[in-house]
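The values are calculated or read from the model by the stated rules, or taken from the named source; none is laboratory data. Everything quoted here is computed from the prediction, not taken from an experiment. Here the Cβ positions follow ideal geometry from the backbone for every residue, glycine too, while neighbour counts run over all protein chains shown.
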Amino acid sequence: MVYNNRISKLKTQMSNMKKLVIAGNWKSNKTIDEAQNWLRQFNLQPNTKIILCPAFIHLQLFRWFIDTNKCPFELGAQDVSRFPSGAYTGEVNAHMLKGLVEWVMVGHSERRAHLQETDAILAQKVARVKEAGLKVLFCVEDEKSVIPSGVEIVAYEPVWAIGTGKSDTPENANMVTSAIKAKTQASLVLYGGSVKPENVASFVTQPAIDGVLVGGASLDPEQFKELISSCSQIS
Ligand code: PGA
């Protein structure tokens, strides 16, 4: 009863009905066996848009799983080469990702910090993804970050909130996402940083926030399903 009241209150807080986006970023995690186990447990018919972003080595398995089971999920790579096809050993370029994924994540703060990805490099990556006809989920630290034109989704992820268990306040996240919307053509802006089943509703009920980018809580299928169903009840 109390729970139902809370849900209906959250519903009325929504300024307009929106189809939420929930993106799962597995980062550098899981063996092939672990990925298969996760997929076996991830039986879900959500009414939110789900974008799954496992590591490169899992993309083919995910494509096969989604196509075979006609799952309503979209697939994203976590990175892409800034180079075209050619003599770039070890690189996975945007052309190679065609037919495999719909989305490519660019600009995650971990890549900016550990792989020294600069604004110039990120702009090159976005250009390669657009040339290949794929869509970009572009991550930024705040509303001052440079956002290349042509990206479809922006994710606001304060660095201090990533993987720390300390999320931004929903009100501040709403202000930053509004400011991002004012300066970019991206139609959707997500919040990311320590999003869990317990706090996801407080973010997605903010008027400017169109969904969430989830790291740690996407690794456990039960936790990720719980998080998605919290959103399904309010979208
Ligand atoms: P987190 O990561 O949910 O584990 O904080 C979010 C992200 O880095 O995309």
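Looking only at the stretch 83-124, filter to residues that are among the charged types (D, E, K, R), touching a residue at least 12 places away in the same chain (Cβ under 8 Å) and touching a Gly at 6+ places or on another chain (Cβ under 8 Å); which one of those is nearest to residue 157 (Cα to Cα)?
So, considering only residues that are among the charged types (D, E, K, R), touching a residue at least 12 places away in the same chain (Cβ under 8 Å) and touching a Gly at 6+ places or on another chain (Cβ under 8 Å), the one nearest to residue 157 (Cα to Cα) is 102.
Which pairs do you get when a residue that is over 17 Å from residue 175 (Cβ atoms), found in the stretch 188-202, comes within reach of a residue that is among the polar types (S, T, N, Q) and more than 10 Å from the ligand (Cβ to nearest atom), reach meaning Cβ atoms under 9 angstrom, with the pair 6+ apart or on two chains?
196/223; 197/223; 197/229; 197/230; 198/230; 200/230; 201/230; 201/233
Consider residue 181 carefully, then state whether it is charged (D, E, K, R), part of a helix (DSSP H, G or I), under 18 Å from residue 137 (Cα atoms) and more than 15 Å from the ligand (Cβ to nearest atom). Give the steps one after another, and end with the answer.
Details: charged (D, E, K, R): yes; part of a helix (DSSP H, G or I): yes; under 18 Å from residue 137 (Cα atoms): yes; more than 15 Å from the ligand (Cβ to nearest atom): yes.
The answer is yes for residue 181.
State which residue is nearest to residue 156 (Cα to Cα) when the search covers only the stretch 125-140 and only residues that are in a helix (DSSP H, G or I) and under 20 Å from the mean Cα position of the chain (by Cα). Reasoning before the result, please.
Here is the first cut: in the stretch 125-140, the residues in a helix (DSSP H, G or I) are 125-131.
Pick out the ones that are also under 20 Å from the mean Cα position of the chain (by Cα) and you get 125-130.
On the way: 125: 19, 126: 17, 127: 20, 128: 22, 129: 20, 130: 21 Å.
Top of the filtered list is 126.
Restricting attention to the stretch 184-198, which residues are crowded, with 18+ Cβ neighbours inside 10 Å and either in a helix (DSSP H, G or I) or within 15 Å of the ligand (Cβ to nearest atom) (or both)?
189, 190, 191, 192, 193, 194, 195, 197
Please go through (1) of a type in the set (A, V, I, L, M); (2) in contact (Cβ under 8 Å) with a residue 40 or more places away in the chain; (3) surrounded by fewer than 18 Cβ atoms within 10 Å (Cβ to Cβ) for residue 137 and return the number of the only condition it doesn't satisfy.
Failed condition: (3).
Regarding residue 125, is this residue surrounded by 19 or more Cβ atoms within 10 Å (Cβ to Cβ), at pLDDT 95 or above and of a type in the set (D, E, K, R)?
Working: surrounded by 19 or more Cβ atoms within 10 Å (Cβ to Cβ): yes; at pLDDT 95 or above: yes; of a type in the set (D, E, K, R): yes.
Yes; evaluated as a whole, the condition is true for this residue.
Among all residue pairs at least 6 apart or on different chains, which show Cβ distances below 9 Å where the first residue, located in the stretch 22-42, is away from the ligand (no atom under 16 Å from the Cβ) and the second is in a strand (DSSP E or B)?
Close Cβ pairs satisfying both conditions: 42/52; 42/73.
From (1) more than 12 Å from the ligand (Cβ to nearest atom); (2) touching a helix residue (DSSP H, G or I) at 6+ places or on another chain (Cβ under 7 Å); (3) acidic (Asp, Glu), pick out the condition that doesn't hold for residue 168.
Single failed check for residue 168: (1).
Could you grab me the full set of residues in the stretch 203-217 that are without any contact (Cβ under 8 Å) to a residue 40 or more places away in the chain and either in a loop (DSSP other than H, G, I, E, B) or away from the ligand (no atom under 11 Å from the Cβ) (or both)? Step through it out loud before you land on a result.
Of the residues in the stretch 203-217, the ones without any contact (Cβ under 8 Å) to a residue 40 or more places away in the chain are 203, 206, 208-209, 217.
If the condition is that a residue be without any contact (Cβ under 8 Å) to a residue 40 or more places away in the chain and either in a loop (DSSP other than H, G, I, E, B) or away from the ligand (no atom under 11 Å from the Cβ) (or both), then 203, 206, 208, 209 are the ones that fit.
Here is a list: 153, 234, 162. Which entry is in contact (Cβ under 8 Å) with a residue 40 or more places away in the chain, surrounded by 18 or more Cβ atoms within 10 Å (Cβ to Cβ), under 30 Å from residue 33 (Cα atoms) and of a type outside the set (D, E, K, R)? Show your work before the answer.
Values: 153 fails: under 30 Å from residue 33 (Cα atoms); 234 fails: under 30 Å from residue 33 (Cα atoms).
That would be 162, the only listed residue that is in contact (Cβ under 8 Å) with a residue 40 or more places away in the chain, surrounded by 18 or more Cβ atoms within 10 Å (Cβ to Cβ), under 30 Å from residue 33 (Cα atoms) and of a type outside the set (D, E, K, R).
Taking the stated definitions as given, is residue 220 at pLDDT 95 or above, within 15 Å of the ligand (Cβ to nearest atom), charged (D, E, K, R) and under 22 Å from residue 39 (Cβ atoms)? Break it down stepwise before answering.
Working: at pLDDT 95 or above: yes; within 15 Å of the ligand (Cβ to nearest atom): yes; charged (D, E, K, R): yes; under 22 Å from residue 39 (Cβ atoms): yes.
Yes: the conditions hold for residue 220.
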